[in-house]
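Read the structure below first, then the notes.
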Amino acid sequence: MTQGYYAGISGIQTHQYGLDVISDNLANIGTVGFKGAVAEFSDLLSKNMAGDTVKTPTSDDIGYGVNLQTTSYQLQQGEFSPSERYSDLAIDGNGWFGVTAQDKTYFTRDGHFSFDVTQEVDGDINSSAARLVTADGMYVTGTVLNNFAYDATFDYGDLASMKTSGAYVITDPTGTATLGTTDKQTSIALPTRLAYPVVPTTKINFMGNLGIDDVQRVMNGEAINALNETNQIKLVFTKSATQPTEGVSWDVTASVMSKDGNTVYDTQNGQALFDSNGAILSFTIPTVDNNGSPVTIDFGKGYAGVISNNGVAISGGSQSDGYIGGNLTKYAINTDGVIIADFTNGRQSAIGRIAVYHFQNDQGLNRDGGTYFTETSNSGKPMFWNDANGNTITGAVVKSGYLEASNVRIEVGLTDMIVMQRAYQANAKTITTVDEMIQKALQMHR
């Protein structure tokens, strides 16, 4: 009869554990990235009443109680809520962010991140770095590319005011970033003084119609030099004194000057010859000097470029390569976790990538407090997913400007709480009932 005591006591204790789990779930219903847990019970012991020698068609064992076998995680995805910061991230799908503190790595779904700007050398603005950190100061891990380098002589635009030169300059603009292996991931630290280099104009294409009238025509274009200056290239077309038997000939003067027109850097003369239908046959404009940067002028071929035709409206235009330099305006994060640097010249370049880790068995992770988990032998080592070609992929969508809410459902938690409460009361009733039976048995003995 005393085994009823033990069964009731184990039931009380076990369902108290279950209530503890439910209480923790409900307490964290507002915790970003929180994953609820479920208490799983199992039979404690059992006793065979008749023994192995008795043949019965049914079971004849009696259980001795219950225990808490394990707590499993509810890994269903929580709802997404928009945030006002692009550095706040949520994972849509499978995966975990990695964060580090004191040489220990944790894994979390809580993407409440921000950039913490620090100076590695006090007073040196060029040593400023933006580290992606969690709300409690842990460093988010990933890969920072090596496609930028420090240039101590670079004028970031504040040389006159700050009396300090130097900045990090993009050396290899790219639109993507590869993570590599999991053991190569480090804390993400990005330069705050980052520049997109000037790409000087090397070629300018002119297009339009000069007509055939003996009237001076002008076409204008812009070209960028290595000094990050945007200058104008002006073409003046004057009908040649001597004309060919068929077609039209124009004398051309090409001038390179500052935008305000006050400084002329180079002037070259040439000639453009067109056939009787207005298509360009040849042109002899040489390369012009854009204050130290050579620029090739191109009139096109046939009817694709500059023409001299009487049946088309007079027009003129140009198109050139090259880009002016630009300073960093902000960092952005795309759906693959790639960190993109935006610059004042409208250009972009990837500079790093936030790691999204996966495990063979997510249920094998060990909760290390709050929303942080650590790897165990049951979970296996963290890994990256690869596509059919062996390229590293995120395996999920990284949503910038969103946070993943707790996946705990309040109505489910309240219902489970009632079940646990009733089970607790039932086990308590078992103890009191067995106690009354024992008391009755003792009274009979007297």
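The values are calculated or read from the model by the stated rules, or taken from the named source; none is laboratory data. Just so it is clear, the structure is predicted and the values come from calculations on it, not from any experiment. As a convention, Cβ positions derive from the backbone with ideal geometry for all residues, glycine included, and neighbour counts pool all protein chains shown.
Which members of the stretch 378-422 meet the condition of being among the basic types (K, R) and over 30 Å from L19 (Cα atoms)? Talk me through it step by step, then tell me what you get.
Filtering the stretch 378-422 down to residues among the basic types (K, R) leaves 381, 399, 409, 422.
Matches in the stretch 378-422: K381, K399.
Which pairs turn up if I take residues in the stretch 408-421 that are assigned by TED's automatic domain parsing to the domain that holds A39 and under 19 Å from V66 (Cβ atoms) and look for partners that are of a type outside the set (F, W, Y) and part of a helix (DSSP H, G or I) with beta carbon separation below 6 Å, at least 6 apart in sequence or on another chain?
Hits for this filter: D416/I22; M417/I22; M420/H15; M420/G18; M420/L19.
With respect to the numbered conditions (1) outside any helix (DSSP H, G or I); (2) within 28 Å of the chain's Cα centre (by Cα); (3) free of Cβ contacts under 8 Å to residues at least 12 places away in the same chain, which one is the sole condition not fulfilled by D122?
Against the list (1) outside any helix (DSSP H, G or I); (2) within 28 Å of the chain's Cα centre (by Cα); (3) free of Cβ contacts under 8 Å to residues at least 12 places away in the same chain, D122 comes up short only on (2).
Taking only pairs six or more apart or across chains, which ones have beta-carbon atoms under 6 Å, a first residue in the stretch 301-323 that is in contact (Cβ under 8 Å) with a residue 24 or more places away in the chain and more than 29 Å from A226 (Cα to Cα), and a second residue that is among the hydrophobic types (A, V, I, L, M, F, W, C) and assigned to a strand (DSSP E or B)?
Qualifying pairs under 6 Å: S308/V248; S308/F274.
Could you tell me whether any residue of the stretch 144-156 is closer than 22 Å to G95 by Cβ, surrounded by 15 or more Cβ atoms within 10 Å (Cβ to Cβ), assigned by TED's automatic domain parsing to the domain that holds A341 and in contact (Cβ under 8 Å) with a residue 12 or more places away in the chain?
Yes, the stretch 144-156 contains a residue that is closer than 22 Å to G95 by Cβ, surrounded by 15 or more Cβ atoms within 10 Å (Cβ to Cβ), assigned by TED's automatic domain parsing to the domain that holds A341 and in contact (Cβ under 8 Å) with a residue 12 or more places away in the chain.
With the stretch 227-284 as the region, which strands (runs of 3 or more DSSP E) entirely inside it contain at least 2 residues that are touching a residue at least 12 places away in the same chain (Cβ under 8 Å) and of a type in the set (V, I, T)?
Working: elements: 230-239, 248-257, 264-274, 280-283.
Here the list reads 230-239, 248-257.
Hey, S400 hits all of (1) buried (at least 16 other Cβ atoms within 10 Å of the Cβ); (2) of a type outside the set (V, I, T); (3) over 28 Å from I29 (Cα atoms) but one; which does it fall short on?
It is condition (3) that S400 fails.
Would you point out the residue of the stretch 22-45, among those that are of a type outside the set (V, I, T) and over 32 Å from the mean Cα position of the chain (by Cα), that is surrounded by the fewest Cβ atoms within 10 Å (Cβ to Cβ)?
S42
Can you tell me which residue is nearest to T134 (Cα to Cα) among those in the stretch 198-211 that are outside any strand (DSSP E or B) and not polar (S, T, N, Q)? Give the steps one after another, and end with the answer.
Applying the first criterion (outside any strand (DSSP E or B)) to the stretch 198-211 yields 198, 200-202, 210-211.
After this cut, where a residue has to be not polar (S, T, N, Q) as well, the list is 198, 200, 210-211.
Working: V198: 35, P200: 41, L210: 63, G211: 66 Å.
Top of the filtered list is V198.
Identify, please: which residue in the stretch 131-173 is among the β-branched types (V, I, T) and out of contact with any strand residue (DSSP E or B) (no Cβ under 6 Å at 6 or more places or on another chain) and is, among those, farthest from Q185 (Cα to Cα)?
Residues of the stretch 131-173 that are among the β-branched types (V, I, T), as a first pass: 133-134, 140-141, 143-144, 153, 164, 169-171.
Keeping just the survivors that are out of contact with any strand residue (DSSP E or B) (no Cβ under 6 Å at 6 or more places or on another chain) gives 153, 164.
Numbers: T153: 31, T164: 33 Å.
Within the stretch 131-173, the match that is farthest from Q185 (Cα to Cα) is T164.
May I ask you to list the residues in the stretch 199-219 that are crowded, with 20+ Cβ neighbours inside 10 Å and within 30 Å of D172 (Cβ to Cβ)?
Passing the criteria: P200, T201, I204.
Give S276, S258, S282 a once-over and let me know the one that is more than 52 Å from the chain's Cα centre (by Cα), of a type in the set (S, T, Y) and surrounded by fewer than 18 Cβ atoms within 10 Å (Cβ to Cβ).
Being more than 52 Å from the chain's Cα centre (by Cα), of a type in the set (S, T, Y) and surrounded by fewer than 18 Cβ atoms within 10 Å (Cβ to Cβ) holds for just one of S276, S258, S282, which is S276.
Please work out which residue is farthest from V218 (Cα to Cα), limiting yourself to the stretch 317-369 and to residues that are polar (S, T, N, Q) and assigned to a strand (DSSP E or B).
Only one residue fits best here, namely N366.
Would you be able to say whether some residue in the stretch 370-383 is buried (at least 17 other Cβ atoms within 10 Å of the Cβ), part of a strand (DSSP E or B) and modelled with pLDDT of 85 or more? Please lay out each step first, then the result.
First, pick out the residues of the stretch 370-383 that are buried (at least 17 other Cβ atoms within 10 Å of the Cβ): 371-373, 375, 379, 382.
Next, only the ones that are part of a strand (DSSP E or B) stay: 373.
From what's left, modelled with pLDDT of 85 or more: 373.
Yes, the conditions are met somewhere in the stretch 370-383.
Give me the strands (runs of 3 or more DSSP E) completely within the stretch 157-197, filtered to those with at least 3 residues that are not assigned by TED's automatic domain parsing to the domain that holds F115, ordered by residue number.
Where strands (runs of 3 or more DSSP E) fall fully within the stretch 157-197 and carry at least 3 residues being not assigned by TED's automatic domain parsing to the domain that holds F115, they are 189-191, 194-196.
Would you confirm whether or not the stretch 306-313 contains a residue that is in the same structural domain as D275 (by TED's automatic domain parsing) and either under 30 Å from the mean Cα position of the chain (by Cα) or closer than 11 Å to N205 by Cα (or both)?
Taking every residue of the stretch 306-313 in turn, at least one turns out to be in the same structural domain as D275 (by TED's automatic domain parsing) and either under 30 Å from the mean Cα position of the chain (by Cα) or closer than 11 Å to N205 by Cα (or both).
Take I170 and decide whether it is surrounded by 17 or more Cβ atoms within 10 Å (Cβ to Cβ), under 35 Å from the mean Cα position of the chain (by Cα), more than 28 Å from Y265 (Cα to Cα) and modelled with pLDDT of 95 or more. Even if it seems obvious, please write down each step before you answer.
Details: surrounded by 17 or more Cβ atoms within 10 Å (Cβ to Cβ): yes; under 35 Å from the mean Cα position of the chain (by Cα): yes; more than 28 Å from Y265 (Cα to Cα): yes; modelled with pLDDT of 95 or more: yes.
Answer is yes for this residue.
All but one of (1) within 30 Å of D43 (Cα to Cα); (2) surrounded by 15 or more Cβ atoms within 10 Å (Cβ to Cβ) hold for L75; which doesn't?
(2)
Name the one entry in T202, T245, T238, T253 that is at pLDDT below 95 and out of contact with any helix residue (DSSP H, G or I) (no Cβ under 8 Å at 6 or more places or on another chain).
When all the criteria are applied, what remains is T245.
Which one is nearest to N310 (Cα to Cα) among residues in the stretch 285-299 that are of a type outside the set (S, T, N, Q) and assigned to a loop (DSSP other than H, G, I, E, B)?
That would be F299.
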